[in-house]
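Student: Handing you a structure now.
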Amino acid sequence: MLDKIKELAGSVQQFQANSAESLEQFRLKFLSKKGEIGQLFDEFRTVPAEMKKQFGAEINKLKQFAQQKYDDAAAALENAVSDDSRHD
C-alpha cells in the first residue's frame with residue numbers, strides 16, 4: 001500500500017494543468033470520493049491496527065499534496081485567463 005501511495009504522489013507531482021478540462025480530470029482522478037485517494041481510504045480499513053497510524057499519515061499527506069497541487073494549478077489557470085483577457 002505504501003508503494004501505491006508513493007506511485008500516486010509521483011503522478012500528482014508530474015501533473016501539469018494546461019486547461020480547465022485537464023484540471024477537472026485531475027480532480028476526478030485523485031480528489032473525488034471515487035478517485036484514487038478515496039480508494040486508498042477504503043483500503044485503509046483492511047490495514048492491520050498496528051500499521052494504521054503510519055498508513056493514515058501517508059494517505060493524509062498525499063491528499064493534502066494533491067489538494068495543494070489542484071489549488072495551485074487552478075490559481076495559475078485563472079491568472080492565465082485573466083492575463084489573456086487584459087491583452088484583448
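The values are calculated or read from the model by the stated rules, or taken from the named source; none is laboratory data. A quick note: this is a predicted structure, and the numbers were derived from the prediction, not measured. Note: ideal-geometry Cβ built from the backbone for every residue, glycine included; neighbour counts use all protein chains shown. Protein only, heavy atoms only, side chains kept; ligands, DNA and RNA dropped before computing areas. Shrake-Rupley method; radii C 1.70, N 1.55, O 1.52, S 1.80 Å.
Student: Could we say that GLU21 is open to solvent by 70 Å² or more (accessible area, probe 1.4 Å) and either assigned to a helix (DSSP H, G or I) or out of contact with any Ser or Thr (no Cβ under 7 Å at 6 or more places or on another chain) (or both) here?
Tutor: yes
Student: Based on this model, can you work out whether ILE5 counts as closer than 19 Å to ALA74 by Cβ, touching a helix residue (DSSP H, G or I) at 6+ places or on another chain (Cβ under 8 Å) and in a helix (DSSP H, G or I)?
Tutor: no
Student: Let me ask something additional. If you check every pair at least six apart or on different chains, which have Cβ atoms under 8 Å apart with a residue in the range 43-70 that is outside any helix (DSSP H, G or I) first and a residue that is open to solvent by less than 80 Å² (accessible area, probe 1.4 Å) second?
Tutor: Once the first residue is outside any helix (DSSP H, G or I) and sits in the range 43-70, its partners that are open to solvent by less than 80 Å² (accessible area, probe 1.4 Å) give VAL47/MET1; VAL47/PHE55.
Student: Can you work out which of the residues in the range 8-17 that are touching a residue at least 40 places away in the same chain (Cβ under 8 Å) and either assigned to a helix (DSSP H, G or I) or among the basic types (Lys, Arg) (or both) is most open to solvent (accessible area, probe 1.4 Å)?
Tutor: Looking at the filtered set, the residue picked out is GLN13.
Student: On to the next question. Part of a loop (DSSP other than H, G, I, E, B), within 29 Å of VAL81 (Cα to Cα) and of a type outside the set (A, V, I, L, M): does that describe LYS29?
Tutor: No: the conditions fail for LYS29.
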